Every structure is written in structure tokens, then in C-alpha cells.
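Quick notes on the structure that follows.
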Amino acid sequence: MSIKQSHAASGSQARAVIDGLEADVVTLAVWPDVEAVAKTGLVRADWQKRFENDSVPYHSVVVFVVRKGNPKGIKDWPDLAKGEISIVTPNPKTSGNGKYSFLAAWGAVLAGGGSADDAKAFVTELYKRTPVLDTGARAATATFSQKGIGDVHLTFENEAHLEVVESKGSLEIVYPRRSIRVDPPVAVVDANVDRKGTRHVAEAYLGFLYTPEGRAIVAKHHYRPWGSAPPPSADGATWPAIETFDITAVGGWEAVMKTFFGEGGVFDSIYLPEAGR
Amino acid sequence: MTFAITALVMTALVLLPLAVLVLRAASLGPQGFVAAAWTPRARAAYGVSLGAAVLAATVSAVLGLVVAWVLARIDFPGRRVLDALVDVPLALPTAVAGLVYSALYVEKGWLGHWLVPLGIQGAYSYLGIVLVLVFVSLPFAIRVVQPVIESLDRDTEEAARILGASRAQTFFRVVLPGILPAVVTGFALALARALGEYGSVVFISGNMPFKTEIAPVLIVSRLEEFAYAEATTIAVVLLAMSLTLLIVVNALQQRLARNAQ
Amino acid sequence: MSIHVRDISKSFGAFKALDRVSLDVPDGTLLALLGPSGSGKTTLLRIIAGLEHADEGVIVEDGEDITERHARQREVGFVFQHYALFRHMSVFENIAFGLRVRKVPTAEVRSRVEELLHLVRLEGLGGRKPAQLSGGQRQRVALARALAIRPKILLLDEPFGALDAKVRVELRQWLRRLHDEIGMTSVFVTHDQEEAFELADEVVVMNHGKIEQQGTPDAVFDQPATPFVMDFLGNVNVFHGRVENGRAFWHGIPIDYPDYPHAQARDARVYLRPHELEISPLSGNGQAVTGNGRASGSLPASVLRVTRNGAITRVACRPHGSDAELQVDVPTEVARGLQMDLVPGAHVAITPRKARVFLPGPEYVI
């Protein structure tokens, strides 16, 4: 058996499968991307029930990456909207990473007892301090770590580890008190596997992610494997405790895609000329 | 026969994809089209896209003329290397250009280190967009003009000199009218290239809505929502604007070419 | 305005275009620089114009050293082989160009250009673009443009080279008349000896970056100084011969050659121009009926071919006992008056009226 892999931005991968790329399985960044494939009938509507934990074999969380020694003293979300802080995060409309950062900020306000208006005021402050809206996660990483733009970079924990290792000690991770849980879902592309007769292999491939060996590989790459007692990550680090909330805390995917990131939604309103005045 | 092949190739490579584009956009109906393609933000993005492209094509046309002149007329050590370097921007993945340019011009970059204190923001700014667009479009401006300069009749320049014209008078009155049609063609190609550029721009523009967000970024945003038709409306508007601009430039080019005969 | 060229040398890389060339152009002269391509004639013209810079030597105009003076300041008129008109400008603006860059007032420009259009017989064509003119008209525009600035000298680089034969001859005669009217010192380059001889007061023959001979057309034609000049001035019969005791021999016919009085025989070359040979019926004993000139005696030969070329009849013959071919040009009237039929196979006597002898290479001349 041979496995062919294609890696690219989640949204464009989803569109590729929709447009006819004969993938057997998809592992995408956000639920809406799999759901978009499911809407075409390529993936069965009940895909979320096909694997454990709603077909999410591992998690991550949105964390802060800061300059060495944390010179701006950034500890938690409220610190991001204070004084002369400059933030790097990709455009939530074009990036899954960016969507989660937005939702993490929003949810952190709600979880702290704030109202939706408070949350909106907070994310507006946040994006006013964001000088660059890269279209993807890796571009944002380059902007922060290589070009030296910004005081804090919002990103997934696994990405943050890679970024810190790459920086050779010039960056460090800060865990906010609470953050959103990142749930990248997986699914078998039913229409493709049934036609090619590869369902068995495809399901085994995804099921492997839930086995002890699979969990060890996942952990090595700084994703938090699902289930109790996760194995330590590559450098032996245990997983710092962080209070997490999931997508339902901010309204669920369908609602956030429309009200936050849809055309004319909350995110767009931040940039309306009126909002800037 | 050759006409049939030309027609076939143009249809398959250009007209068919364009037709699909227009059909997809048309599926929204006139009102839906306007609603998707003519938002304040989209209008601002068209402005950034067209404005930066025109500016960059202008710079490329002027710079291209200078570089082409030097390559065609002056023999210096390393001329052939420079001549080969001209085409590099065509081969380089443009995203790389965007990354390198933004790394150079940010405050801690090699150039930004000097320029940012002077108030010149070459990265994450409108200037940055123009810079990368010049980079990707300059080869066209050079390569169109260079052979025309090489084929110029040197006698006419000598005639002008003997008749008492200064170097500047010779260039502006005798040489330039002859190569201006090529310069305008170079401008048109540079413009077309700059209008369609995406890869390098997103890495240097900062993509700030209403300021440095180009229309293709909006297209990608809409695609992320799986809003195909809406995305294509923006593409169609951008295309229509580009086409109009190119038709105007081509008409100008033909007038100049007739005049130069 | 006289021009004096002194010891001018010019190399392009390893190629020596001009090798210590000196030349005098008297005031008011129309002088032709004649030579094959690569002989340096165009380079010399361009150096006089200031378009090229000489490696060595000086150029003096009316006693003034202008070697370092830029083309812009030399006040010369220059006419290019391919006209070099400004394609995007009208005929009027082409002619006006030199005046415009000199900031001559508009009214004056207008009257001067009209005057020149009249001079070159292009009245009413001022509004045309060069592309709408014939070759001859274009070259006249180029000439008017050169004359507009009232140059002190006029330089022309193969001015008729790009024109067809009929227009060339017309324009040539017209240029000669124009020169006689305005009397400007003029130098033109040509590789066509007919053109040089018809047009010029003075002909300079060049070869390999050197001047072979300078003189009036008659002098150059009648007394070619070198075998090259002899060769270049037109078709000529060349034979190997011997020279001794002040005489050369060609097929046994003696030709005076006082430059070599020595007794030791040497190889020499004998040049015979086709029109300087006479043809006559051969008498029974192989002796020619007529014969005179510097050379004495005649040569029996057989006719190979006869071609009528208008007023001239060309006869190709083969001297008896030889496999060389000899060209004889006879005025057609004379050919008709001969007491014989000039047909292939006929036997004739060839009598040189004039012959020139050159020793192979000047280094052998004692």
C-alpha cells in the first residue's frame, strides 16, 4: 500500500476534494471545511459520529508566543488590549488559525463573565493593534519570528512549539489562563473510498490516530492526543494546564461562520471606516 | 489552418475559462452581483489593486527603458550576467519575492533598518505593494523595449548630433518617438502582470482592509466561505476593469506606432 | 573652406582602418573617396565629420585645428547612405531640425525650409512623412536637411548607394549642378568608380586604410599609380610577362618600361584595358595590318565570343598559342567598319595602343 499525501491550506484542500481530487481521507483544520465537503455528498452527513470524540483525534489550544523574557509582560488576554501592544495573527477570513485566534479572544471575554458587546469591543481593540493581516498561518509566523513585527503572536500550541524551536531561544510561549480548544476533524471521503474499494484501509489509517502508537506520534508533533493521560510531547514536556472552552462556547461553527466571518459580519465591521473613527 | 489553430488555442486557454468565470458570477443575478461585487470594501480593494498596478507599471516602464537602454547600448563587464538576471523575477515563485522584500524592508531588515527611521515603510504598506509589483512586472517592460532599442537606426542619432542637437535633444526628439510605442506596450504588459499578481503582494501588503487589501485577497476570503459565485463576481469586476485599462493602453500604443512610422 | 588631414590613424580592435592617411581638400572642391569596402574611406569621412575619433593625427579646416572638436560644433553637413531621416517627423520638420535645435526664430525657419524645398525640388511635399517619399526624394530631403544649417563643408557617405540605377544617375548629375551653384567644399564616399569619375573634381583611391592615389579623374585614369588603382578602375586584362633592359614583353610584343633598365630579366605584370586594344583582320602571314602606340607589334588571336552592349562591342579572344582570354572593347561603329565579320572562330590581330607594366610588389622596385 502506498500513501499519497497532499498538504496545503485547509480551505483550499477542501475545495480541491470538492472539485474532484480523489482523496480517501481528509484531515482538515476546521469543522466547516469538512462540512463543506459533506454538503456535496462526498462525505456522509454523519461523518462526525464515525470516529471517537466527534472525529477529532487530537487537540491544540491557542497560545501566545512572545519575545524572549516577555518584555511587554503579557500574561493573559486582557494584556493584549493595553498600551502599545502589537499583535500578529492571520486574517480569520482566509485562515483557520486566524479564525481560532479570533474565537479564543472572543470566548475568553465571555468565559470571564463579559457580554457579547464586551467581546466585540475587545476583539476590535485586538485587531486595531494588528498591523498585518497575513492570509495564512505560516506567513504570520514569518512576519512575527523572522521580520520582527509585533510583540505577541497568537497561534496554535503545536505551531508555537515549532516557532520557538526555530527561533533558537529568541521567543517563548505564554499560556493564557483560558483559551479555545482547537479541534481539527478527520473524515473518510465515502464516495471516493467506495468507488476505489479502499474504505477498509482509509478507516484503519484514521483509526490508528487513536491507538497508543498513534497517540505517541501525535504527541511528538505537539498536538494533545485525545483521551486521558496523554503521552509527553517530543521534548519530554508535559502539557501545561490550561482552562479550555470549545466552539460551542462561542456559538458553534455554523453561527460563527456567518455572524463573525461572513461577508459583512463582526470581523468585517471592525474595519468599516466608521469603526476606525 | 493557422487561423483555426489560433482560434482553438485562444478559445481553450483564454475564452473558455473566462466564460466559466462570467457564467458563475452571473448565477447571482444583477442584484446579487452588485451586492457581492460592489461593497465599500471591495471598491476600496479595486482601488488598491488598480492604483498600485498602474503606479508599478509606470515605474516599470520608465525603469525598463533605462535598463533596456543600458543593456542594448553599453558594453560593460558583467553585461551578459545582468541580461540573464532580468528574467529571474519571471522564474522566481512570487511568494518568495514577497517574503524577501518584506524581510528587507521591515524595521529590522537590511534596508528597513535605514529607511524606516526616515519614515519610509517599504513593508506592510502601499509602497510595499508597488515595490513587489515593480519587481514582478519589470522583466516585461525591459524585454519589450530592448530589441527595439537594439534595432534602432544609429544613423538618425548621428544625424541629429551633427545637426547640432544635444544628447538630451537627440534622445527626446529623435530616439524616444521611435521607441515610445514599445515602451507603451511594455507598460501594458507590466500592467497586466501587476493586476493579476497575488502571491507576492499578500506577503508584503499587510492586507489591511481599505488600505492595503487587494481585490484577490477578497476573492480568497470569499472562497474560504465556499462562496464561489460571490468570489467570482469580484474577479469579473477586476477583469472588466483590467480589460478596459488594457484596451485604452493598446489604443494609445497603436496611435503612437502610427505616428512613429 | 579647405580641409587638411594629417597622418590620421584609426584602429577598431585589431583591424587597422586607417594607417597614417594624409589628404588635402582644396576650397570648393568636390572630392570623391573611392575604394572597396573595408578600405577606410567611410572611416575617414566620419573622422572628418567628428563622428569617429582618430587615434592619431590632426584635422585642419582653414588653418584651424578641429581634431578635438565635437561633431555638434564642426558645422558640417552629413548625408547618410540610408538617408537617416527622422521617420516620425514631416519632411518640413526634418529639414528644420538643425534650425530648431539652434533656436532659430520660427519665421526664419519657415523661409529657410521653403527655400531648401525649392532647391531640392520638393516644393509642396513639406507635409509628407519620409515613408511617403521615393528613395530619390528621401535622399534630397536628407541633403536639404544637411544644408539647412549652412554647413562649411558637405560630407556624403555613399549618397546614391541605396538608389536604383536610373535615379542614381539623375541624382548624380543634379548634385554636380548643385555643387557648381553653391560651390561648397564637399567630400563623398563611393565604391563606384563611374560615379567618382563623373561627379568629382578630384578622386582619392583608397585601399587597406591607405591612399593609393589622389588626382583629377583624368590623371588617375590615365596614369594609375599602382596595380590596385589599375585593377579597381574597371575591367582590365592582366597577364604575366617579363621585363629587362627597359622593356617588357607580352607575347613577344615589346612594351617600353624605362623604370627597369637592368639586364637581368624579371617577372612583371602587364595590364591592358579592353578599350585600349585595337582589333583588325589578320593578314595571311600572321602580321597585323595596322599597329601603333607605345607598344609596337600585334598579336594573332581567335575570336571566342562577341557581345553587343549598345555603343560598345565586346570581343573575347584567345591569343594563338595561349589559353588565356583577352577582352577587347571596340566602338560598335568601328567594329562594323572592319573589313571582316567579327564572329566566333574568326582570326584577328590585337594591337595594344597602351599597356602598363607593374613589377609584382613595390618592394621589388629598384
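Which three lengths, in whole Å and largest first, does region A:7-113 cover when its Cα atoms are put on their principal axes?
Taking the Cα atoms of region A:7-113, the three principal extents are 49, 27, 21 Å.
For residue C:339 and residue C:177 in one chain, what is 0.36 nm times their gap in residues minus the Cα-Cα distance, to one decimal in nm?
54.0 nm
Quote the Stokes-Einstein diffusion coefficient, in whole µm² s⁻¹, for region B:29-260, based on the Kirkwood radius over alpha carbon pairs, a temperature of 25 °C and a viscosity of 0.890 mPa s.
127
Fewest Cβ neighbours within 10 Å first, please rank A:19, A:79 accordingly.
A:19, A:79
Taking chain B as a Gaussian network, where each spring joins two C-alpha atoms under 10 Å apart, which residue of B:137, B:221, B:166 fluctuates the most?
For chain B, modelled as a Gaussian network with Cα springs under 10 Å, the answer is B:166.
If contacts are Cα pairs under 8 angstrom and at least 6 residues apart, what is the relative contact order of chain B in percent?
About 32 percent, as a whole number.
Among A:63, A:201, A:25, which one shows the biggest mean-square fluctuation in a GNM of chain A, springs joining Cα atoms closer than 10 Å?
Of the options given, A:201 has the highest mean-square fluctuation.
Starting from the coordinates of the alpha-carbon atoms of region C:1-75, obtain the Kirkwood hydrodynamic radius over all distinct pairs and give the value in Å to one decimal.
Kirkwood radius, region C:1-75: 12.6 Å.
Any idea what the relative contact order of chain A is, in percent, if you count C-alpha pairs under 8 Å spaced at least 6 apart?
The normalised contact order for chain A reaches 27 percent.
Taking Cα pairs under 8 Å and at least six residues apart, what relative contact order does region B:135-261 come out at, in percent?
Numbers: 89 pairs, mean separation 39.0, N = 127.
Relative contact order comes out at 31 percent.
How many angstrom lie between the C-alpha centres of region B:191-261 and region A:95-117?
Going from one Cα centre to the other spans 34 Å.
Compute from the Cα atoms of region B:1-141 the Rg and the Dmax, the latter being the longest Cα-Cα distance, and quote both in angstrom.
20.5, 62
Is it possible to state the helix-based mean residue ellipticity at 222 nm for chain C, with each DSSP H run of 4+ residues giving -39500 (n - 2.57), the sum divided by total residues, to the nearest 500 deg cm²/dmol? What is it?
One gets -7500 deg cm²/dmol as the mean residue ellipticity at 222 nm.
Skipping prolines and chain starts, which residues have an amide H placed within reach, meaning under 5 Å, of the one on residue B:207, given they are 5 or more residues away or on another chain?
Under 5 Å from the amide H of residue B:207 lie the amide H atoms of A:133, each far enough along the sequence or on another chain.
In what sequence do A:101, C:134 fall when counting other Cβ within 10 Å, fewest first?
C:134, A:101
Rule-of-thumb check for chain A: C-alpha Rg over 2.2 N^0.38 Å?
Output field value: 1.02.
Fully extended, how many nm does the chain gain between residue C:325 and residue C:110 (0.36 nm per residue separation, minus their Cα-Cα distance)? All intermediate terms of the calculation are to be shown ahead of the outcome.
Working: separation 215, 0.36 × 215 = 77.40 nm, distance 6.17 nm.
Extending this stretch completely gives an extra 71.2 nm.
Could you give the radius of gyration (one decimal) and Dmax (whole number) of the Cα atoms in chain C, in Å?
25.2, 83
Compute, for the protein assembly as shown, the length of the dipole vector about the Cα centre, with Cβ point charges of +1 (Lys, Arg) and -1 (Asp, Glu) only. Units Debye, rounded to 20.
Approximately 1040 debye in magnitude.
Do any of A:99/A:120; C:210/C:354; A:68/A:147; A:147/A:168; A:128/A:258 go past 19 Å between their Cα atoms, and which?
C:210/C:354; A:128/A:258
Using a Förster distance of 25 Å, how high is the FRET efficiency between residue B:21 and residue B:91, based on the Cβ-Cβ distance and rounded to 0.05?
0.35
Compute the distance in nm between two label points, each set 7 Å from the Cα along the Cα-to-Cβ direction, one at residue C:238 and one at residue B:259.
Here the modelled spin labels are 5.7 nm apart.
Using Stokes-Einstein with the Kirkwood hydrodynamic radius over Cα pairs, what translational diffusion coefficient do you get for the protein assembly as shown at 25 °C and a viscosity of 0.890 mPa s, in µm²/s rounded to a whole number?
It diffuses with D of about 68 µm²/s by this estimate.
With no solvent and one point on each alpha carbon, what is the Debye value of log10 I(q)/I(0) for region C:237-365 at q = 0.16 Å⁻¹?
For the requested q values the scattering log ratios are -0.76.
Taking amide H atoms as placed 1.01 Å from N in the peptide plane, list the residues 5 or more away in sequence, or in a different chain, whose amide H sits under 5 Å from that of residue C:156.
Close amide H contacts, sequence-distant or interchain: C:79, C:187, C:188, C:189.
Determine ³J(HN,Hα), in whole Hz, for all residues of region B:6-23 in sequence, where each value follows from phi through the Karplus function 6.51 cos²θ - 1.76 cosθ + 1.60 and θ = phi - 60°; x replaces Gly and Pro.
Couplings: 4, 4, 5, 4, 4, 5, 5, 8, 10, 5, 4, x, 5, 5, 4, 4, 5, 4 Hz.
Per residue, how big is the convex hull around the C-alpha atoms of region B:42-88? Give it to me in cubic angstrom, could you?
Considering the Cα atoms of region B:42-88, their hull volume per residue is 64 Å³.
Give me the Kirkwood hydrodynamic radius of region C:3-218, using the inverse of the mean 1/r over all pairs of distinct Cα atoms, in Å to one decimal.
In region C:3-218 this quantity evaluates to 17.7 Å.
Give the calculated FRET efficiency between residue A:166 and residue C:58 to the nearest 0.05, with a Förster radius of 56 Å applied to their Cβ-Cβ distance. Walk me through the numbers on the way to the answer.
Numbers: r = 73 Å, r/R0 = 1.30.
For R0 = 56 Å, the calculated efficiency reads 0.15.
With springs connecting C-alpha atoms under 10 Å apart, model chain B as a Gaussian network and identify which of B:246, B:92, B:180 has the largest mean-square fluctuation.
The residue with the greatest mean-square fluctuation here is B:92.
Measuring from label point to label point, each 7 Å out along Cα→Cβ, what is the residue C:24 to residue B:252 span in nm?
6.1
With a Förster radius of 51 Å, plug the Cβ-Cβ distance of residue A:213 and residue B:4 into 1/(1 + (r/R0)^6) and report the FRET value to the nearest 0.05.
Taking R0 as 51 Å, the efficiency between residue A:213 and residue B:4 is 0.25.
Bear in mind these aren't lab numbers, they're just calculated from the coordinates by the rules spelled out. Computed from a prediction, not measured in an experiment: that's the story for all the values here. Cβ coordinates were reconstructed from backbone atoms using ideal geometry, including for glycine residues, and neighbour counts include every protein chain displayed.
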